[in-house]
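Derivation of every value follows stated rules applied to the coordinates shown; laboratory data play no part. Keep in mind that this is a model prediction, so the values were computed, not measured. Glycine also receives a Cβ, built like all others from the backbone with ideal geometry; neighbour counts cover every protein chain displayed.
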Amino acid sequence: MMKRFATDSMFYRLFGSFLIVILLLCVFIGVAFTVFLNTIRAEITKSSSLNLDTAVRNYEEHFEQIRSIGLSLQFDEQISLLSRQQQLPSETVAAVRDQLRASVASPYLYLDNLLIYMKRSQYVIEKDSSADAELFFNKLFYSEQYPLQFWQEQLELPVSFAIYPAYPYWENSLGTPVSKGQSIPILIKRVYDDQSAVLAFMDSRRAYLDFFRPTQGDAFTILDSGGRTLFASTATALPHSVLQAGSGTGYVKADDHYYFYQHGGKSGFTYVSVIPFKHINAQVVRLTLVLAVLLAAAVLISITVSAWISRKLNAPVRHLVEWIGQLQPGRPQSNIREFRLIGDRINHIAEDIHQKNSMLNLYGYADQLKRIGQLSDHFQPLDKPFRLLLFHLTPERPALLESSQLQQDTAFVREHARDWYATHVEHAITLQLEPCEILTVLHFDEGEEPELEEVTSGLMQLLSPELQACLMTVAISGSYSHVKDFAQAYADVSALVKQRKLGREPQLVTRFEPPPTLPFFTGQEEQDFYANLTGGNREVVLPLIRRVLGRLERKQAYACQYDEVANEIVNRVMKTLYTHHIELSKLPGTESPYEEMKACHTQQEYVDRLESLLSAVCELVQEKKSANDPITSFVTTYIEQHYAEDISLDMLADRLHITRGYLSSYFKEKTGINFVDYLTTYRMNKAKEILSRTDLKIQEVAQLVGYVNVSTFIRVFKKQTGTTPGDYKKLKTG
């Protein structure tokens with residue numbers, strides 16, 4: 001009897017259970033540690049691959065950006081003119097230098113220098129100075145690898161874009177070499193032009209630190225398509241398998257290093273990152289030893305504590321069993337005071353749980369939908385099909401977002417939705433997720449899906465007359481079978497809300513439809529809009545805006561798309577005000593233009609407010625031009641009266657008795673557009689008018705707007721409008 005008591009006692013059962021748990025934990029820790037080691041290696045590989053991918057994308061995009069800047073300079077009319085001249089006008093050189101300085105002003109271009117080398121005049125123009133080519137390349141910006149003769153040879157080659165290995169540059173003008181850092185030379189020129197080229201010198205070290213972001217021990221190398229090293233952060237010999245990788249992407253392990261490589265799709269370069277793994281293995285070994293010691297200590301301590309806890313738990317239970325064995329049969333347990341206290345407490349807890357059950361459901365659903373996960377172990381929603389209804393309230397004006405009236409409307413909708421769906425559906429939970437969002441979760445049995453559209457329409461008719469400060473949009477999701485789909489269902493119903501159309505009446509959305517693809521402006525419309533807004537031409541700007549808004553109305557665009565278009569227009573308005581130094585306070589109204597646009601909810605409201613805003617801006621621009629700008633007024637008036645004649649910036653500067661450079665800068669500052677661009681835009685607008693209302697030949701139209709060479713006219717017209725004059729005439733005349 002004593003033996004049975006000993007083997008079946010709570011002590012041995014508890015102690016044995018603790019030992020089993022300890023054994024399982026040891027097994028789990030061993031498996032977890034093995035997985036952990038493998039995960040470390042996998043994460044290193046993944047992290048290194050992602051880091052290299054980011055560096056490749058940054059370098060490829062940056063090379064393309066520098067190429068674009070170089071080509072724009074190469075095709076600049078002033079620079080093209082200089083490359084064909086033996087003697088260089090100082091005014092033109094100064095203007096070109098300003099262009100170069102503007103091109104490298106951004107620190108994110110990582111350019112040490114940007115220059116124009118002209119072979120005919122053997123002259124170099126850079127961002128800060130200009131000098132003879134021999135002096136510049138042998139003294140001011142000297143490199144053993146790239147002397148003047150090297151660049152003369154490169155101009156003879158039929159290439160338009162070339163990147164050369166990084167090499168140190170020095171300044172040796174006073175006899176003592178001064179380091180200019182290590183740069184990657186980049187050549188941009190026309191393929192068969194051997195007279196001039198744009199040379200960009202990229203700061204290799206700064207670009208490497210920002211693009212690659214190395215950690216301790218990492219190395220980085222760029223190889224061109226022929227295997228030549230363009231840049232290397234350290235002198236690292238690459239294995240043959242990497243050098244022969246070609247256009248592949250991957251990694252190899254050799255010489256105690258991982259070599260990750262990736263091919264650049266645009267440049268054809270191969271980018272290689274080198275990651276050492278010796279220190280990682282050492283850390284893993286140390287971690288293994290520490291874990292083994294800790295595990296042994298934990299097992300020993302756990303066994304000791306388990307024996308002590310088992311004895312402590314077994315003692316009172318044994319005493320209680322002995323006491324129960326001494327009780328008289330039939331003695332009512334309810335007479336024991338401790339039992340009555342325990343029973344009363346359990347009844348109180350049950351009542352409290354029942355009262356708070358509904359609140360727990362609300363927090364549980366919010367926890368599931370917002371993917372917080374804090375209640376995932378305590379909340380189990382009904383395992384039934386469900387649908388979601390989302391009530392989204394949009395303030396009529398942004399100023400009402402924090403108003404008490406909006407809060408009252410939200411509370412009104414929430415309480416009525418809770419009562420309404422609790423009456424029509426057996427399992428309905430209504431909760432408020434955001435200040436202007438109310439969500440209802442409806443569970444139903446398989447095959448007994450309620451007619452939610454009809455039920456919801458009745459609720460909307462009840463709510464609509466009572467809403468004072470907001471517009472209501474109601475979205476109904478499809479059916480979902482599993483509770484794990486709560487988050488996806490919420491995302492789907494939130495997307496439906498964004499399909500609201502213009503209008504102040506409540507709207508019900510039940511089906512997802514892809515939004516119509518609508519460009520805010522066509523290329524020509526955008527150019528015309530900004531040019532005429534900057535010039536204060538109300539007669540052109542307002543029809544353009546009506547055309548854009550009409551396009552949105554015909555395509556049945558969503559309200560959010562109207563909001564995007566309005567914001568884009570306001571952005572251009574702000575830029576125009578800034579360009580002309582006009583204070584925002586001079587606009588009509590007390591709210592900002594952005595806030596006024598958010599108060600628009602119908603087509604006519606958008607038309608009225610945008611026309612009012614743009615009319616005011618054009619009027620302010622005209623006042624600014626007429627009141628304070630006699631020089632710009634003279635230039636624009638002269639262009640309007642003589643656009644068919646030969647007009648140049650030098651001629652107008654002579655008439656105004658000012659320098660050409662001053663007039664160019666002044667006109668750009670006052671109008672926000674270059675003189676040449678303004679003249680070209682005006683002539684092209686006149687050309688479009690003539691093509692639309694006459695049958696004149698293209699050559700005659702070109703002469704009427706100031707172009708002697710019809711080829712030049714056709715090229716400029718196509719660049720401005722995206723189409724040739726002939727095609728434009730056919731389009732307009734049918």
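Quick notes on this structure:
- Taking a ≥ b ≥ c as the square roots of the Cα gyration tensor eigenvalues, the range 149-241 comes out oblate, since a/c reaches at least 1.5 and a/b does not exceed b/c.
- Under the simplified labelling scheme, the Ser404-Tyr480 pair shows an inter-label distance of 3.8 nm, with each label point 7 Å from Cα along Cα→Cβ.
- Amide H contacts of Asn113 (H built 1.01 Å from N, under 5 Å, at least 5 apart or other chain): Phe201
- Phi to ³J(HN,Hα) by Karplus 6.51 cos²θ - 1.76 cosθ + 1.60 over the range 558-573, Hz, x for Gly, Pro: 6, 4, 5, 6, 4, 4, 5, 5, 4, 5, 5, 5, 5, 4, 5, 4
- Greater than 24 Å apart at Cα, pairs in Lys498/Lys575; Lys670/Lys729; Lys127/Lys189: Lys498/Lys575; Lys670/Lys729
- Value of relative contact order over the range 630-733, rounded to a whole percent, pairs C-alpha under 8 Å and six or more apart: 24
- Zone residues, the range 633-666, relative to Arg101, backbone N less than 17 Å from point 7 Å out along Cα-to-Cβ: 660-666
- Each residue of the range 415-423 was assigned a 3J(HN,Hα) from its phi angle through the Karplus expression (A = 6.51, B = -1.76, C = 1.60, θ = phi - 60°), giving 5, 5, 5, 4, 5, 5, 6, 5, 7 Hz with x at Gly and Pro.
- Extension gain (nm, one decimal) between Lys668 and Asp193, 0.36 nm per residue minus Cα-Cα: 167.9 nm
- Length gained when the stretch Arg504-Thr694 is fully extended (0.36 nm per residue, less Cα-Cα span): 63.7 nm
- Cα gyration tensor shape for the range 608-713, rounded if a/c is under 1.5, else prolate or oblate: oblate
- Projected label distance in nm at Thr45 and Val290, using a 7 Å step from Cα toward the beta-carbon: 2.6
- Distant-in-sequence amide H partners of Val159 (H built 1.01 Å from N, under 5 Å): none
- Other-chain or far-sequence residues with amide H under 5 Å of Tyr123's (modelled H): Met118, Ala133
- The calculated FRET efficiency for Phe150 paired with Arg213, based on their beta-carbon distance and R0 = 30 Å, is about 0.40.
- Whole-number percent relative contact order across the range 75-209, with pairs defined as alpha carbons under 8 Å at least 6 apart: 24
- Each of His263, His482 has some number of other Cβ atoms within 10 Å of its Cβ, and from fewest to most they run His482, His263.
- Residues Asp445 and Asp419, FRET efficiency given R0 of 22 Å [Cβ-Cβ distance, rounded to 0.05]: 0.50
- The label-point distance for Glu553 and Tyr108, in a model that sets each label 7 Å from Cα toward Cβ, rounds to 3.9 nm.
- Phi-derived couplings, Karplus 6.51 cos²θ - 1.76 cosθ + 1.60 at θ = phi - 60°, listed residue by residue for the range 128-141: 10, 7, 9, 7, 4, 4, 4, 5, 5, 7, 9, 10, 6, 9 Hz, with x used for Gly and Pro.
- Between Phe412 and Leu656, the FRET efficiency from the beta-carbon distance, with R0 = 60 Å, is close to 0.35.
- Cα gyration tensor shape for the range 70-217, rounded if a/c is under 1.5, else prolate or oblate: prolate
- Paramagnetic label reach from Glu513 (point 7 Å along Cα→Cβ; backbone nitrogen cut-off under 17 Å): within the range 542-577, residues 551-562.
- The stretch between Ser302 and Lys266 holds 6.8 nm of extra length on full extension. This uses 0.36 nm per residue minus the Cα-Cα distance.
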